[in-house]
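Right, one structure below, let's go through it.
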Amino acid sequence: MSKRDQLEPQARELRVIHGLTFADIAARLGVSVRTIQSWAKGDSTGRGTWDQQRASLTTTADTFHAELYDLGIVVARTIKDGLLEGRPVDKSAVANLDRIVKTAMNAWKYQQKNPPKADPVNPSEKQSQIKAKIRERLGLKATQ
């Protein structure tokens with residue numbers, strides 16, 4: 001597996017969701033700033049530039065926050081139920097909850113600096129798209 005295959009998803013998350021600079025990402029991952037800039041121009045998934053991906057996440061901030069909240073509740077409830085049933089703590093569920101909380105905080109901070117604009121897309125369709133994006137970016141299974 002190449003360095004890009006290993007590190008690009010993490011680098012994309014650090015930029016798109018957490019809003020880190022290219023220099024910060026490069027320092028964390030041990031690659032050059034130029035490499036990060038190259039990856040950010042258009043990732044291997046064909047979803048556009050990282051900045052386009054970041055913008056698409058924040059276009060409908062209220063819906064995005066509501067979905068993150070709902071997703072956080074589901075993951076937290078899963079952790080709690082496991083503890084009440086005497087199962088060991090699911091470390092991946094705890095990591096997912098941590099990412100959801102951090103994502104919500106970063107999205108909120110970003111929204112404070114950049115208020116959302118009106119979205120011409122059907123709200124229920126946009127909500128479905130956002131749910132899918134959140135689950136995909138957090139590496140969770142798609143549910144219907």
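The values are calculated or read from the model by the stated rules, or taken from the named source; none is laboratory data. Predicted, not measured: the structure shown is a model, and the values here were computed from it. No Cβ is skipped: glycine too gets one built from the backbone with ideal geometry, and neighbour counts run over all protein chains shown.
Taking the condition of being over 17 Å from the mean Cα position of the chain (by Cα) and of a type in the set (A, V, I, L, M, F, W, C), how many residues in the range 73-94 meet it?
First, pick out the residues of the range 73-94 that are over 17 Å from the mean Cα position of the chain (by Cα): 76-91.
Then drop every residue that is not of a type in the set (A, V, I, L, M, F, W, C), which leaves 76, 79, 83-84, 89.
So the answer is 5.
Out of everything in the range 106-142 that is acidic (Asp, Glu) and not in a loop (DSSP other than H, G, I, E, B), what residue ends up being modelled with the highest pLDDT?
The selected residue is 136.
Take the residues in the range 1-49 that are among the hydrophobic types (A, V, I, L, M, F, W, C) and at pLDDT below 85; name whichever of them is surrounded by the fewest Cβ atoms within 10 Å (Cβ to Cβ). Don't jump to the end; show me each part of the working.
Of the residues in the range 1-49, the ones among the hydrophobic types (A, V, I, L, M, F, W, C) are 1, 7, 11, 14, 16-17, 20, 22-23, 25-27, 29, 31, 33, 36, 39-40.
Applying the additional criterion that residues be at pLDDT below 85 yields 1, 16-17.
Numbers: 1: 5, 16: 25, 17: 20.
The residue in question is 1.
Go through 81, 98 for me and flag whichever is at pLDDT 80 or above, under 30 Å from residue 3 (Cα atoms) and part of a helix (DSSP H, G or I). Please lay out each step first, then the result.
Numbers: 81 fails: under 30 Å from residue 3 (Cα atoms).
That would be 98, the only listed residue that is at pLDDT 80 or above, under 30 Å from residue 3 (Cα atoms) and part of a helix (DSSP H, G or I).
What number of residues in the range 1-31 are in a helix (DSSP H, G or I) and free of Cβ contacts under 8 Å to residues at least 40 places away in the same chain? Working first, answer last.
As a first pass, look at the range 1-31 and keep what is in a helix (DSSP H, G or I): 3-16, 22-29.
Going one step further and asking which of them are free of Cβ contacts under 8 Å to residues at least 40 places away in the same chain, we end up with 3, 5-11, 14-15, 22-29.
Matching residues across the range 1-31 total 18.
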